[in-house]
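Q: This is the structure, below, for whatever I ask next.
The values are calculated or read from the model by the stated rules, or taken from the named source; none is laboratory data. These figures come from a predicted structure and were not determined experimentally. All Cβ positions, even for glycine, are placed from backbone atoms using ideal geometry, and neighbour counts span all protein chains on display. For the accessible areas, the whole protein counts, side chains as well, though only heavy atoms, and no ligand, DNA or RNA atoms are used. Shrake-Rupley method; radii C 1.70, N 1.55, O 1.52, S 1.80 Å.
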Amino acid sequence: MPETHQVVILGSGPAGLTAAIYTARANLSPFVVEGEPSSTSDQPGGQLMLTTEVENYPGFVDGVLGPDLMGRFRDQAARFGAEFLTSKARRVDLSSRPFGVWTHSTEGDPDVLARSLIVATGARALMLNVPGEARLMGHGVSTCATCDGFFFRNQKIVVVGGGDSALEEASFLTRFGENVTVVHRRKELRASKIMQDRAFANDKIDFRWDAVVTEILGDAKVRGVALTNLVTNEQDTLEADGVFVAIGHVPNTTVFAGMLDMDENGYIRTTDGTRTNVDGVFACGDVQDHVYRQAITAAGSGCMAAIDVERWLEAQGRG
Ligand code: NAP
């Protein structure tokens, strides 16, 4: 059997790496299962790896690139002795301690054992799952206006969604695009009143109501979207160079289903700081926060999880 780590951290975004820094400095030799390289936010470093300039992280007066910021977090954790495994949790067993984590396959004995566990697996953008979307990701399809808006100067942009994210993305994209069309599946927006007012007042933004994107068109790059009107069933196409999907996020919690209490959207419920319903398992960052979803709040809750773990281990008696 593998050695039992005092604390295993799943995830390496701002929450996981802050937890790693704090637990490393508490001499708990954290073992970080950092995720696997991919085009989504469950890769090492999390969602900030898909971002360019971060201008609101305190301390960086002139801004910092998302991947650079996460590189700094990681170096800082490593400096104090955090260990990293570039893999992801494929299965966990939280029914008894030490907790088991399978990182290579879901069969056989666990690859990693943990006295305590910090879940910081984050959230990822929801996708439409229509033809063309995956193929054209990075070739006109994006989930991040702040990352990719710049590429669509004086071009036609479509934003899909009707929540605050969609309108925020749409407003931001009017800085670059010739025009921005928000495609929403109903006639009422879900977004807050103030965001709606702002969007309606922006003459570069127009709306396609009751419409869904059924395909993203283009060979090497996006050239438009196919739309169906859900009320009239009419189909047409809309020319576009960029398609920003902004229909919400989903937490990376599938692996914990049936073990950790979650809300109706799959976000882990925490109480009394970062505690989950399983004694010895803590959760921090976007995996348990669908409200704030900022690097700084994720980092803050990573710090909380580290302190909670430290106190919990202390109470258990270090073994
Ligand atoms: P959201 O509020 O859940 O909105 C998702 C939108 O996408 C909804 O309008 C939904 O349509 C639509 N949608 C969902 N699945 C779809 C699909 N398969 N096809 C087409 N449309 C689909 O998500 P969000 O906008 O990301 O916001 C999440 C949370 O963050 C909210 O609490 C929001 O207030 C907050 N937020 C705040 C700010 C801000 O204050 N600056 C900015 C961003 C986000 P329906 O309306 O028909 O369900």
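Q: Quick one: how many Å² of ARG153 are accessible to a 1.4 Å probe, rounded to 10?
A: About 130 Å², rounded to the nearest 10.
Q: Just the number, please: carbon plus sulfur as a percent of the accessible area of segment 141-245, 1.4 Å probe, no ligands or DNA/RNA counted.
A: Percent of accessible area from carbon and sulfur atoms in segment 141-245: 46.
Q: Taking the solvent-accessible surface of protein heavy atoms with a 1.4 Å probe, what is the per residue accessible area of the chain in Å²?
A: Details: 15380 Å² over 319 residues.
That works out to 48 Å² for each residue.
Q: Set the Förster distance to 30 Å, then compute FRET efficiency between THR214 and GLU178 from the Cβ-Cβ distance, nearest 0.05.
A: It comes out at approximately 0.80.
Q: Taking all protein chains together and a probe of 1.4 Å, list HIS184, HIS249, HIS290 from the most accessible to the least accessible.
A: HIS290, HIS249, HIS184
Q: Within the chain, what's the longest run with no GluC sites (Glu not before Pro) in a DSSP loop and at most 12 other beta-carbon atoms within 10 Å? Give the range, please.
A: Between exposed loop sites, the widest span is 108-187.
Q: Using a Gaussian network model on the chain with a 10 Å cutoff between Cα atoms, which of THR232, THR271, THR297 fluctuates the most?
A: The residue with the greatest mean-square fluctuation here is THR232.
Q: Next question, about the same structure. Ordered by residue, what ³J(HN,Hα) values in Hz, to whole numbers, does segment 286-295 give under the Karplus form 6.51 cos²θ - 1.76 cosθ + 1.60, where θ = phi - 60° and Gly and Pro are x?
A: Each residue's phi maps through the Karplus curve to give 5, 5, 10, 9, 9, 9, 8, 6, 10, 4 Hz.
Q: Across 20 Å bins from 0, what is the distribution of all Cα-Cα pair distances for the chain, in whole percents?
A: Whole-percent P(r) values from 0 Å outward: 32, 50, 18, 0.
Q: Which cross-chain or sequence-distant (5 or more) residues have an amide H under 5 Å from the amide H of VAL182, H modelled 1.01 Å from N in plane?
A: Close amide H contacts, sequence-distant or interchain: VAL159, ASP206, PHE207, ARG208.
Q: Starting from the Cα of LYS204, draw a straight line to each of the lysines and keep only those under 22 Å, dropping any in the same chain fewer than 8 residues away.
A: Candidates past the 8-residue exclusion: LYS156, LYS187, LYS193.
Q: Quick check: the distance between the Cα centres of segment 74-152 and segment 1-43, to the nearest angstrom?
A: 11
Q: Over the heavy atoms of LYS187, what accessible area does a 1.4 Å probe trace out, to the nearest 10 Å²?
A: In the full protein context, LYS187 sits at about 120 Å².
Q: Give me the three principal axis extents of segment 204-319 from the C-alpha atoms, as integers in angstrom, largest value leading.
A: 66, 27, 27
Q: Out of ALA199, VAL64, ASN154, whose Cα points farthest toward the positive end of the dipole of the chain (charges: +1 Lys, Arg; -1 Asp, Glu; placed on Cβ)?
A: VAL64
Q: Who wins for biggest fluctuation among PHE150, PHE60, PHE73 in a Gaussian network model of the chain, springs between alpha carbons below 10 Å?
A: Looking only at PHE150, PHE60, PHE73, the biggest GNM fluctuation is shown by PHE60.
Q: Over the alpha carbons of segment 141-245, what is the largest minus smallest coordinate on each principal axis, giving the biggest first in Å?
A: Its Cα atoms span 36, 34, 21 Å along the three principal axes.
Q: May I pose another question? How much of MET259 can a 1.4 Å solvent probe reach, expressed as accessible area in Å² and rounded to 10?
A: 60
Q: Where both residues lie in segment 141-245, what percent of DSSP beta bridges are antiparallel, nearest 5? Each step should come with its number before you reach the end.
A: On the way: 11 of 26 bridges.
Beta bridges within segment 141-245, antiparallel portion: roughly 40 percent.
Q: Next question. Determine the relative contact order of segment 92-154: mean sequence separation of Cα pairs under 8 Å and six or more apart, normalised by residue count, in whole percent.
A: Computed value for segment 92-154: 18 percent relative contact order.
Q: Hey, could you get me the Stokes-Einstein D for segment 124-195, Kirkwood radius over alpha-carbon pairs, 25 °C and 0.890 mPa s, rounded to whole µm² s⁻¹?
A: The estimated diffusion coefficient comes to 193 µm²/s.
Q: Pop out the ³J(HN,Hα) list for segment 187-197 in order, Karplus 6.51 cos²θ - 1.76 cosθ + 1.60 with θ = phi - 60°, rounded to Hz; leave Gly and Pro as x.
A: Once θ is set to phi - 60°, the couplings for segment 187-197 become 9, 10, 7, 8, 4, 5, 4, 5, 5, 4, 4 Hz.
Q: Compute the FRET efficiency between GLU264 and TYR292 as 1/(1 + (r/R0)^6), taking r as their Cβ-Cβ distance and R0 = 30 Å, and round to the nearest 0.05. List each step's numbers first, then the result.
A: On the way: r = 19 Å, r/R0 = 0.63.
FRET efficiency, GLU264 to TYR292: 0.95.
Q: Roughly what % of DSSP beta bridges within the chain run antiparallel, to the nearest 5?
A: 45
Q: At a threshold of 8 angstrom on Cα-Cα distance, excluding pairs fewer than six apart, so keeping six or more, what relative contact order does the chain reach in percent? Don't skip to the end; give the middle numbers.
A: Numbers: 778 pairs, mean separation 64.7, N = 319.
Result for the chain is 20 percent.
Q: Same structure, new question: Quick check: with the 1.4 Å probe, what order do SER95, SER116 take by accessible area, largest first?
A: The ordering from most to least exposed comes out as SER95, SER116.
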